[in-house]
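Participant: Structure in structure tokens, see below.
The values are calculated or read from the model by the stated rules, or taken from the named source; none is laboratory data. Note that this is a predicted model, so its numbers are computed, not measured. FYI the Cβ positions are ideal-geometry reconstructions off the backbone, even for glycines, and counts take in every protein chain you see. Just so you know, the surface numbers come from the protein's heavy atoms only, side chains and all, with ligands and any DNA or RNA stripped out. Shrake-Rupley method; radii C 1.70, N 1.55, O 1.52, S 1.80 Å.
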Amino acid sequence: MYQMGSISSNNKSIFHISILFLPCFTCLTYCQDFQGLSPLISPPLIPEILNFLDQRLALVYPIIQDFKNTITSDPLDITQTWVGADICNYKGFYCTSPPDNDSAITLASIDFNGFQLSAPTLDGFIDQLPDLALFHANSNKFSGTISPKITKLPFLYELDISNNNFFGSFPMEVLAIPALSFLDIRFNFFTGTVPPQVFTQRLDVLFLNNNNFMQGLPENLGSTPVLYLTLAYNKFIGPIPRSIIKASATLTEVLFSHNLLTGCLPYELGFLRKLVLFDASYNFLTGPLPCSLGCLAKLEQFNLASNLLYGQVPEVVCALGKLVNLSLSSNYFTKLGPKCTKLERSGVLDIRKNCIPDLPGQRSARECAAFSLHRRYCSNPASFNFIPCKVPSLSHPQIGTKRNLVGYSALLRQAVEFPGRN
């Protein structure tokens, strides 16, 4: 993998590659001192010589210039810096040594985040840059589809085309990129279904939110090795698959919010021991909360607001030691125990618009009674009382420290910042 950084001329062999651009001239006869020369005829121009640091840079120069000519809008004048042989100082372009040659210098990374560039396609550009490892283009106006030729890039491991105008079905081509570990296609206009193969890819980050995908969550959802999974603001339907238990060793942040999910929360959620953020708000999930959720010792943000959940809020959930936010508003819960009551008074638990007697800000008695007449029931109800771990006995709930989480950053249009990354 690339080690991005500055390039030292002291310990790298520098190749000076010259490209000579010669203008074409018709055969003209001049008198010795150009006397009588027509004003429409100029003396020959001095040829432009471009000296590149490495042959690899010389090879990508015409590709960049061709792409530059396709850009239809550049409000920040970014492309004015894309002139001459010093490609490594073009704005948005970064160079380093490629993995296959420590002495070479190549174009390794492109960061167009926030440049607001417009172009009808990226085809013929990123798929023609043989040493490209990272391509980030958040918040531009690129459109079209993804070229199948992108699969021939051996080093590409981060692809971010979020907040653009891409459309069509899921870009299947990305599944064949050999080294890909980061895929961000959120805030585009992709439609249809997400192929199940996506959840077997060796990805760390998968952001698909704010598109128009419409399907049930695939049964192999738990096969994903990702740390960060964001499917929010689509039209996913059906239940959360029980197979999610298979992701217990890796899954850290999950956003299912603003979809059309139904059914009961699976008991298997309690086995996601790495989970820090879980948000399935604004769906149609129902049933009681599984007590297995009390095993999520690292959980900081837990949002199930605006669903059809009911029953008592389990005390073991309110006793989780790192909780910063537990949002259960706009459901039909009917009871709080002493730990949950303390959590509500501290502001960590939001339980507004439920059916809890003698608590302010609840639904009307009529609304609660109407719901109870049509209550949804879950299969295997005994599993909701199982606690598959040793839960510490706490006399009062602890409150975690609030921090910014990656998953919620993905719900904003700008590029996602990962803590600790350069």
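Participant: Please count, across the range 249-350, the pairs of lysine residues with Cα atoms under 22 Å apart that sit 8 or more places apart or on different chains.
Facilitator: Details: 274/298; 274/322; 298/322; 298/339; 298/342; 322/339; 322/342.
Lysine pairs, 8 or more places apart or on different chains, close enough: 7.
Participant: Check residue 311: other-chain or 5+ apart residues with amide H under 5 Å from its amide H, H built from backbone geometry?
Facilitator: Long-range HN contacts for residue 311: 334.
Participant: Rounded, prolate or oblate: which fits the range 282-395 when a ≥ b ≥ c are the square roots of the eigenvalues of the alpha-carbon gyration tensor, with rounded for a/c under 1.5 and prolate only if a/b beats b/c?
Facilitator: Details: a/c = 1.87, a/b = 1.29, b/c = 1.45.
It comes out oblate by the Cα gyration axes.
Participant: Report, in whole Å, the centroid distance computed from the Cα atoms of the range 97-171 and the range 290-340.
Facilitator: Taking the Cα centre of each part, the range 97-171 and the range 290-340 sit 42 Å apart.
Participant: Please give every one of the aspartates and glutamates within straight-line cross-link reach of residue 353, meaning a C-alpha to C-alpha distance under 17 Å, and leave out same-chain neighbours fewer than 8 residues apart.
Facilitator: Straight-distance partners of residue 353: 344, 367.
Participant: Heavy-atom accessible area of residue 203 with all protein chains present, probe 1.4 Å, nearest 10 Å²?
Facilitator: Looks like 10 Å² after rounding.
Participant: Can you give the FRET efficiency to the nearest 0.05 for residue 298 and residue 89, using r as the Cβ-Cβ distance and R₀ = 41 Å?
Facilitator: Details: r = 43 Å, r/R0 = 1.06.
Efficiency computed from Cβ-Cβ geometry: 0.40.
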